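Read the figures in this text as sums done on the coordinates, not as results from a lab. Worth saying up front: this structure is predicted, and the values here are computed from it rather than measured. We place every Cβ from the backbone using ideal geometry, glycine too, and count neighbours over all the protein chains shown.
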Amino acid sequence: MPRTQTPDRIKREKVEGKETKAFIYHSDPEYSSRIEVEREERWEFGIDGEAVAELLSTSVVTDDLLVEPELPEWLVESLLGLGIEEIEA
């Protein structure tokens, strides 16, 4: 089933004084759902049927291209607040 272009749900909140948006897509060809989080940077996660989030992409740049960027605490808390059980970076 192809992912829709329009999110099924948008959650907005201020985290540490900065506007944060989570775009939730329930139809995705590879995952049970997909979540895109935008703040100053962008993070995209695929969510499996067990509510485990896998980091798919981010706009954060690291010095070492072989190392995944560290997830900020505000992002972890936001994902847990959306019902995510575990996060794999």
Which label marks the calculated value of Cα Rg over 2.2 N^0.38 Å, given the options (i) 1.19; (ii) 1.48; (iii) 1.06? (iii)
Note down the nm distance, to one decimal, between modelled labels 7 Å out along Cα→Cβ at Glu30 and at Glu50. 1.9 nm
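Quick one: order Trp74, Trp43 by neighbouring beta-carbon count within 10 Å, fewest to most. Write down the numbers at each step before the final one.
Details: Trp74 15, Trp43 24.
Ascending Cβ contact count within 10 Å gives the list Trp74, Trp43.
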Starting from the Cα of Ile84, step 7 Å along the direction of its Cβ; do the same at Glu40; then give the gap between the two resulting points in nm. 2.0 nm
